[in-house]
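Working notes, beginning with the structure itself.
The values are calculated or read from the model by the stated rules, or taken from the named source; none is laboratory data. This is a predicted model, so every value here is computed, not measured. Cβ coordinates were reconstructed from backbone atoms using ideal geometry, including for glycine residues, and neighbour counts include every protein chain displayed.
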Amino acid sequence: MPAKKRMKLEMSPEPSQTIYSSQASTAPSSQSSQTFLTQDFDQVGFGDGLDGAFDEAVTGRDSLCKSEDYELVKCDEDEVEDNVAEGDVTCGDPGQLASYSPFLARNRDFYGLAVSLMRLQGIDLRRFPPTTKGVVREFFQRYHPFAKQDLLWSLSFEEESGSGPRTKYRATLTTYVLNDRKFQGKMSSTSMRLAEESAVIAFREDPEVREIAKVLPPPRKKIKEWVHLNSQERERLVAAGFDTSIVLEEFVQSVYMHFRELGCRTALWDGNA
């Protein structure tokens with residue numbers, strides 16, 4: 001009988017972190033993190049002028065709960081749903097943004113922006129190379145955008161030596177945020193690269209993966225192109241002691257959360273994060 005040996009090669013998503021091991025890795029628990037996105041359109045139609053006295057707004061911004069000129073108002077605690085996940089922003093919970101509204105030239109229609117950006121929903125995985133750097137990376141950057149890739153998946157190889165001159169390889173892709181599902185490729189007698197491609201194709205063609213891919217939220221980098229503050233808004237926010245980068249991130253978060261209402265899926269919204 002020819003001698004056979006089986007060993008496992010663990011590959012992290014980072015090419016420089018290849019680890020050889022005789023034991024299977026333990027799936028790490030990914031952190032619950034979430035991406036958030038936004039924009040304001042000029043055609044929203046709220047006008048460019050600032051209403052209200054700036055000095056009064058600076059000194060009294062913490063006590064502002066409602067204004068005729070700004071629809072982003074602070075909610076009472078009993079108005080916020082108890083089952084809202086940490087970091088979620090719902091239609092009825094604009095309290096995070098209420099303190100910014102006196103310094104903005106116009107209101108932002110976050111829901112309207114989300115609707116307009118739905119044209120960027122989903123991803124065609126067949127457009128990318130059948131590799132972990134192609135299909136797998138693109139999918140998980142949209143499905144769980146803020147988590148490190150090595151917390152989301154890993155690629156392992158089985159090596160089998162037979163009577164022939166060549167070693168055979170079989171690759172298995174383990175996806176930690178898809179209920180630890182494993183996607184195993186065919187045995188390859190040619191190379192580890194082809195073994196990897198076989199496992200990635202098994203992942204790409206899986207019905208669940210294809211269904212999720214159709215409804216992934218628009219990519220963060222595309223949506224952030226629509227997020228901005230004009231110079232007057234920046235000056236007033238800075239004078240009031242706000243960090244404008246944080247303001248923009250909260251704008252981004254507000255828009256992004258509306259994609260959930262519109263039917264998009266992420267690991268967090270699926271309960272897989």
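Which residue is nearest to the chain's Cα centre (by Cα), if the candidates are limited to segment 174-191 and must be crowded, with 21+ Cβ neighbours inside 10 Å and either in a loop (DSSP other than H, G, I, E, B) or aliphatic (A, V, I, L, M) (or both)?
Only one residue tops the list, namely Val177.
Could you list, in sequence order, all residues of segment 192-206 that are among the acidic types (Asp, Glu) and assigned to a helix (DSSP H, G or I)? If you could, list the steps in order and put the result at the bottom.
Keep residues of segment 192-206 that are among the acidic types (Asp, Glu), which gives 196-197, 205-206.
Result: Glu196, Glu197.
Select from segment 119-155 the residues that are assigned to a helix (DSSP H, G or I), surrounded by 16 or more Cβ atoms within 10 Å (Cβ to Cβ) and hydrophobic (A, V, I, L, M, F, W, C) and list them in ascending order.
Passing the criteria: Leu125, Val135, Val136, Phe139, Phe140, Leu151.
Can you pull out every residue in segment 104-128 that is among the hydroxyl-bearing types (Ser, Thr, Tyr) and free of Cβ contacts under 8 Å to residues at least 60 places away in the same chain? First the steps, then the outcome.
At the first step, the residues of segment 104-128 found to be among the hydroxyl-bearing types (Ser, Thr, Tyr) are 111, 116.
Passing the criteria: none in range.
For segment 210-233, enumerate the residues that are buried (at least 21 other Cβ atoms within 10 Å of the Cβ) and within 17 Å of Arg127 (Cα to Cα).
Correct list: Ile212, Ala213, Leu216, Pro218.
Does Ala239 fit the bill of being farther than 26 Å from Arg119 by Cα, modelled with pLDDT of 95 or more and hydrophobic (A, V, I, L, M, F, W, C)?
no
Which pairs do you get when a residue that is farther than 22 Å from Met257 by Cβ, found in segment 135-148, comes within reach of a residue that is among the charged types (D, E, K, R) and surrounded by 19 or more Cβ atoms within 10 Å (Cβ to Cβ), reach meaning Cβ atoms under 6 angstrom, with the pair 6+ apart or on two chains?
Short answer, once both residue conditions are applied: Val135/Arg204.
Checking the structure you have, find out if any residue of segment 156-173 is among the small types (Gly, Ala, Ser) and assigned to a helix (DSSP H, G or I). Steps first, please.
Restricting attention to segment 156-173, the residues satisfying the condition of being among the small types (Gly, Ala, Ser) are 156, 161-164, 171.
Those still in the list that are assigned to a helix (DSSP H, G or I) too: none.
Taking every residue of segment 156-173 in turn, none turns out to be among the small types (Gly, Ala, Ser) and assigned to a helix (DSSP H, G or I).
State all residues of segment 122-136 that are in contact with a strand residue (DSSP E or B) (Cβ under 9 Å, 6 or more places away or on another chain) and at pLDDT below 95; if no residue qualifies, say none.
So the first thing to find is which residues in segment 122-136 are in contact with a strand residue (DSSP E or B) (Cβ under 9 Å, 6 or more places away or on another chain), and the list is 132, 136.
Thr132, the sole residue that qualifies.
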